[in-house]
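Input: a single structure, listed below in structure tokens.
The values are calculated or read from the model by the stated rules, or taken from the named source; none is laboratory data. This is a predicted model, so every value here is computed, not measured. Here the Cβ positions follow ideal geometry from the backbone for every residue, glycine too, while neighbour counts run over all protein chains shown.
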Amino acid sequence: MKPEPARVLQGVGMTLLTTILAEVKTPYGQQTVSVAGGLVLMVADEFDRAADRLIVENAVVREILSDARSLLPPAMLPGIDAAVATRPASYKVSALQAENDVLRGALVDVHAAVDAVDSVGAREFGERIWAELVASTQRREFATRLG
């Protein structure tokens, strides 16, 4: 038998919400079990999608950073190039997240630099960055909602 973590967590979450919750007598206990069940379902969602989400996002942000080079002052280029060259040590979520942290930190710097430039190209590039930030937020939405 090979337990599938997302499926096990979904089972635990659903059991908390459909069976255990009905057995809890106090409002505080019911609220606590309800929140715990919802959180377990969210962890199941994130477990299943985290690596894919990070690989996609890291590729998109790396492309944005590479494309931003022509809009940036020369002093910023070594830092941007270092961020773009960052690669994860493995496909573990923690390694992909560390890569994401470096890339997103550089994206913040690029966004600030682009916003300081008054040109059509800089404004369009700023809109591209905002579009990715919106998409990134949407990638993090959960199928399960608390409350």
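Key figures
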read-out	value
Unmet requirement for Gly105, which otherwise passes all of (1) free of Cβ contacts under 8 Å to residues at least 24 places away in the same chain; (2) touching a Ser or Thr at 6+ places or on another chain (Cβ under 6 Å); (3) within 18 Å of Thr137 (Cα to Cα)	(2)
Residues located in region 133-146, provided they are part of a helix (DSSP H, G or I) and surrounded by fewer than 17 Cβ atoms within 10 Å (Cβ to Cβ)	Leu133, Val134, Ala135, Thr137, Gln138, Arg139
Asp48 of a type in the set (Asp, Glu), at pLDDT below 95 and either in a helix (DSSP H, G or I) or buried (at least 16 other Cβ atoms within 10 Å of the Cβ) (or both)	yes
Residue match in region 74-87 (condition: without any contact (Cβ under 8 Å) to a residue 60 or more places away in the chain, charged (D, E, K, R), in contact with a Lys or Arg (Cβ under 9 Å, 6 or more places away or on another chain) and within 18 Å of Ile129 (Cα to Cα))	yes
Some residue of region 7-24 being outside any helix (DSSP H, G or I) and either at pLDDT 95 or above or surrounded by 13 or more Cβ atoms within 10 Å (Cβ to Cβ) (or both)	yes
Flag if Ala95 is touching a residue at least 12 places away in the same chain (Cβ under 8 Å) and closer than 18 Å to Ala59 by Cβ	no
Subset of region 58-71 (residues that are touching a residue at least 24 places away in the same chain (Cβ under 8 Å) and more than 12 Å from Leu107 (Cα to Cα))	Leu71
Region 60-100, subset basic (Lys, Arg) and surrounded by 13 or more Cβ atoms within 10 Å (Cβ to Cβ), residue farthest from the chain's Cα centre (by Cα)	Arg69
Looking only at region 112-147, and only at residues there that are without any contact (Cβ under 8 Å) to a residue 24 or more places away in the chain and under 18 Å from the mean Cα position of the chain (by Cα), the one that is nearest to Met14 (Cα to Cα)	Glu141
Residues within region 71-92 that are farther than 17 Å from Val61 by Cβ and assigned to a helix (DSSP H, G or I), tallied	3
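To keep it simple, each residue is scored yes or no on (1) of a type in the set (A, V, I, L, M, F, W, C); (2) at pLDDT 95 or above.
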| position | (1), (2) |
| --- | --- |
| Arg104 | no, yes |
| Val110 | yes, yes |
| Val117 | yes, no |
| Ile129 | yes, yes |
| Ala135 | yes, yes |
| Phe142 | yes, no |
| Leu146 | yes, no |
